[in-house]
Structures are given as C-alpha cells and as structure tokens.
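J.: Submitted below is the structure of interest, expressed as structure tokens.
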Amino acid sequence: MPTLNMPGCGVLEHVSQALIRSFSSSARRHLENRVAEKQKLFQADNDIPVHLKGGGMDNALYRLTMTLTLGGTAYCLYCLGWASFPHKK
C-alpha cells in the first residue's frame with residue numbers, strides 16, 4: 001500500500017487495519033453463550049409482561065415508545081381537526 005505524506009495518514013492506516021482485523025476470520029472473539037440464562041429469565045412465571053422482563057432498559061424503551069405513539073396520535077388528530085375547518089385569508 002503506498003504511503004501518503006499527509007498529516008494524520010498513519011491514523012487512517014491504523015484504523016483501516018483495525019477494521020480489517022475485526023472482520024477477518026482469524027481474529028474472532030469468543031462470545032459466551034447466554035441463551036439458557038435468557039430463556040430462564042423470559043420463561044419465569046412472575047406475572048411480569050414479556051416486554052418488560054428485560055429490566056429497566058426495557059421499561060424505559062416501552063415508556064418512550066408509548067409516549068411517542070400517543071403523542072403522534074394526538075398530533076395527527078389535531079392536524080386533522082385543524083385541516084377540517086376553513087381558514088380565513
């Protein structure tokens with residue numbers, strides 16, 4: 001690979017080598033299989049809805065999704081109401 005005499009070029013080369021290394025088959029990281037743990041968590045009979053069994057982050061995402069959904073619905077109804085009446089020019 002030809003080298004360029006530009007400032008910061010070494011950083012770019014270093015980053016590109018890191019990306020190649022992370023996607024190559026010889027440098028795989030061994031990940032722990034935690035499927036059994038997740039199955040126990042989600043199949044436990046503890047009267048919690050399945051969409052909230054993941055913990056606090058699931059609860060926050062659920063509340064954010066519901067807030068955005070209800071807010072969007074209310075705004076859509078407002079716009080429909082606004083558009084349904086004639087406007088003065």
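The values are calculated or read from the model by the stated rules, or taken from the named source; none is laboratory data. Remember, it's a predicted structure, so these values are computed and weren't measured experimentally. Accessible surface is based on the protein model in full, side chains and every heavy atom, while ligands, DNA and RNA are left aside. Shrake-Rupley method; radii C 1.70, N 1.55, O 1.52, S 1.80 Å.
J.: Restricting to segment 21-46, name every residue that is part of a loop (DSSP other than H, G, I, E, B), modelled with pLDDT of 90 or more and charged (D, E, K, R).
T.: ARG34, ASP45, listed by residue number.
J.: Does any residue of segment 59-67 turn out to be open to solvent by less than 90 Å² (accessible area, probe 1.4 Å) and modelled with pLDDT under 85?
T.: For segment 59-67, residues open to solvent by less than 90 Å² (accessible area, probe 1.4 Å) and modelled with pLDDT under 85: absent.
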